[in-house]
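Read-outs throughout are calculated quantities, based only on the coordinates presented, and are distinct from any laboratory measurement. Not measured: the values here are computed from a predicted model. Here the Cβ positions follow ideal geometry from the backbone for every residue, glycine too, while neighbour counts run over all protein chains shown.
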Protein chains: 2
Amino acid sequence: MHHFVRKLEHFVRLSGEDKVALSRFGSDIRQFRVREDVIREGDAPKVLRLMMSGWCCRYKTLEDGRRQIVGFFLPGDLCDLNTFILREMDHSIAAITPVTLAQIPPDLFNEVTLAHPRLLQALWWEALVREAIQREWTVNLGQRDALERVAHLLCEVFIRLRCVGLTEGNSCEFPITQADLGDTTGMTTVHVNRTLQEMRARGLIVLKGKTLVIPDLDALQQVGLFNPNYLHLEREGAHLDTNEA
Amino acid sequence: MHHFVRKLEHFVRLSGEDKVALSRFGSDIRQFRVREDVIREGDAPKVLRLMMSGWCCRYKTLEDGRRQIVGFFLPGDLCDLNTFILREMDHSIAAITPVTLAQIPPDLFNEVTLAHPRLLQALWWEALVREAIQREWTVNLGQRDALERVAHLLCEVFIRLRCVGLTEGNSCEFPITQADLGDTTGMTTVHVNRTLQEMRARGLIVLKGKTLVIPDLDALQQVGLFNPNYLHLEREGAHLDTNEA
DNA sequence: CGTCCCCTTGAATGAAGTCAATACGCGTGG
DNA sequence: CCACGCGTATTGACTTCATTCAAGGGGACG
């Protein structure tokens, strides 16, 4: 839950009361195993889900088996505000690592946000950022070549992790296999591998086991033509801040 | 405005009162010329925009000039519920054809939707569908080859136009240049051209001037691995219908 | 009737995919 | 403790899809 609070505070400063209200979202906790589906295309979305720990991915599969990962959920991410409006999921969500998430019934969500409008705005901010990320992924796949694509993805993930306090200096966990990276970037595993080799050779990354080190984030951003503005992290909602200290 | 109503009614049946309320959104109308920017990356979003007629595109540009179109706005589309939460735009919107759109001040929007909750749900549905479309574009760019990509795009556009009554039988307007198609599908104009040639040769499309004919939509869907479920068009919100006839 | 924009076509090049074999790392069980 | 097996990573040779460069054509409009 603290990841979530930490993230929302990139948008507005929350009051103590707001935080207490948020803590009510943590009452129904569920675990998922590696590779387990959290929800599948066609299922009816019944609850809101909040990532407490671990990594998930959102993905779609074509009839012939091709798979595209269309997003990552990191700790502190909310899986789809409001989806319960829709009758069925048009995509699936799977656990990449062991995952803990909070399930929030729509009624509870409505009750809490009705009483805390600033909180609701922070949640909308979260949703708008997720949309912006999705657009950026479209740009990534449409315009960038292999090296740029992977560099851009690594920058995004690193910065998102840093926002929730999950980096240590210039390193972070990176539990994604090369096959999954391929399904994310629209490349084959072979080509992902070669691209990573090149990035290592250029000293842009150190990636070993499940740990990623980015010796020079600026350099990596440059290679990936990464501009973080789409993450809207600069306390844009400061005008909504509480007066309370 | 009727396009908008027609579209929302794919989700819930609106009461006469709802429709009257919606008509209040049409008080501030603006025109844009071909290729004119509606709003630019970096600008502050101040109003909600509703497409009355014409086509717009949402796009992002990289420093080195590469451009990716990340979405089309067709008549009846709403350009970003809620963006006024964000301080600045992370992308631009441009008119592809002459465009008429309604500008809705946030206050008016809040007032109207507060009084008409079912309307608000329909608007959320609209926003969620837009997100789903964005995800599908990610899949399109990541997994499909040139032919599939273009076929998929044409299916989507055709069906979205049909939803708002802008098709006639199996034909519709299609004012997109091949260069813009390239920026949309992540291909060069040359390759777009060759791909269209092949589609014509296979009898999948007749595309001449700004008119598109799809002789056999099923066939085109098959080629594009197009599954319309992500458009959520099946009156999913029927349980919210008004009792009023 | 010329100009501008858009579409079309050909030939050469290049980036990424395919196929296939091999190597590594790690947990399990003999 | 070592052998085995499985998932993941790596590498090489070849192919294919898409880009690049460059030149020409066609139509709308002033």
Label model pair A:Q222, B:Q178: point-to-point distance (7 angstrom along the Cα→beta-carbon line) in nm is 3.8
With bins of 5 Å, the percent of all Cα-Cα pairs of the stretch A:145-230 per bin from 0 is 3, 15, 27, 29, 19, 6, 0
Inter-copy distances for B:E88, label 7 Å out on the Cα-Cβ vector, sorted ascending, nm, one decimal, are 4.4
Relative contact order as a percentage, chain B, C-alpha pairs under 8 Å and 6+ apart, gives 25
Expressed in angstrom, Rg and Dmax over the Cα atoms of the stretch A:2-135 are 14.8, 51
Over the protein assembly as shown, the sum of -39500 (n - 2.57) across DSSP H runs of at least four, divided by residue number and rounded to 500 deg cm²/dmol, gives at 222 nm -12500 deg cm²/dmol
Simple SL model, points at 7 angstrom along Cα→Cβ for B:T100 and B:A115; separation in nm is 2.5
With the label set 7 Å along Cα→Cβ, A:D145 is separated from its counterparts in the other copies, in nm and shortest first, by 2.2
Copies of B:A115 compared via label points 7 Å along Cα→Cβ give distances in nm, shortest first, of 3.0
Once the in-chain neighbours fewer than 8 apart are removed, the lysines whose Cα is under 23 Å from B:K19 read B:K7
Any lysines whose Cα falls less than 18 Å from that of B:K46, other than same-chain ones fewer than 8 residues away, would be none
The computed P(r) of chain A puts the percent of Cα pairs beyond 25 Å at 44
Distance in nm between A:S23 and A:K208 label points, each 7 Å along Cα→Cβ, equals 4.2
For the B:L233, A:K46 Cβ pair and Förster radius 25 Å, calculated FRET efficiency rounded to 0.05 is 0.70
